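All remarks here apply to the structure that follows.
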Amino acid sequence: MKAIIKVYLEHKEDVNREIQIEYQKNLEDLRNAIINYFDLNKLEIGSFYLTNDNFDLLEEIPCLPMDEKSKVTKDFSIDSLLTKDSNKLIYIHDFLEMWHFLIELIDVDYKSESDLRLLSKIGKMPKKNQELRFETENNSNSDIDYNENYCDEYY
């Protein structure tokens, strides 16, 4: 049984991959496929997150354990998290670059026998992530003038 999964990079350009993977494989296998098909640095760590319809980051599933009791990506199968009722996850890769990916279960193919494969590829993975820009609630730039030295009294 194979899962058809679409992985979208959060970026100003369209960059996505459609992957076929065994539905019973674990999240570590899915993570490795994402790293491979998006040409990411395999030495960087990342985490999956359960999400809702607002794409809020809910429960974290890290690739490395935080303590001896914590569960990690190899402890969760794809079919236990990506279902018809709950078909989305967020994956963040490289906590310095902060690559954000939306993972969506498209279909489950009960007949397919082939191994992991790339079904479609749209867009090229950028070398650097887009610049993050923090804004105030009214979507205007912050009023702080960073050229002034507000910390003189501490020097």
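The values are calculated or read from the model by the stated rules, or taken from the named source; none is laboratory data. Note that the structure is predicted; figures quoted are calculated from it, not measured. Methodologically, a virtual Cβ is constructed for each residue, glycine included, from the backbone with ideal geometry; neighbour enumeration extends over all protein chains shown. Areas reflect the complete protein model, heavy atoms only, side chains present, ligands, DNA and RNA absent. Shrake-Rupley method; radii C 1.70, N 1.55, O 1.52, S 1.80 Å.
Open to solvent by 40 Å² or more (accessible area, probe 1.4 Å), in a strand (DSSP E or B) and aliphatic (A, V, I, L, M): does that describe Leu118? Yes.
Just one residue in the set Lys25, Lys42, Lys6 is in contact with a helix residue (DSSP H, G or I) (Cβ under 7 Å, 6 or more places away or on another chain) and within 24 Å of Gly123 (Cβ to Cβ); that residue is Lys42. The set of residues in region 80-112 being touching a residue at least 40 places away in the same chain (Cβ under 8 Å) and more than 17 Å from the chain's Cα centre (by Cα) consists of Asp107, Val108, Asp109, Tyr110, Ser112. The residue pairs whose first member lies in region 56-74 and is farther than 16 Å from Asn26 by Cβ, whose second member is assigned to a loop (DSSP other than H, G, I, E, B), and whose beta carbons are closer than 8 Å, counting only pairs six or more residues apart or on different chains, are Leu58/Asn52.
Scanning region 6-21 for residues that are under 13 Å from Ile78 (Cα atoms) and either modelled with pLDDT under 95 or among the polar types (S, T, N, Q) (or both) gives a single hit, Gln20.
Those strands (runs of 3 or more DSSP E) of region 1-94 in which 2 or more residues are touching a Ser or Thr at 6+ places or on another chain (Cβ under 8 Å) and open to solvent by 50 Å² or more (accessible area, probe 1.4 Å) occupy 57-62. Screening region 96-115 for residues that are open to solvent by 80 Å² or more (accessible area, probe 1.4 Å) and in a loop (DSSP other than H, G, I, E, B) and picking the one that is farthest from Asp29 (Cα to Cα) gives Leu96.
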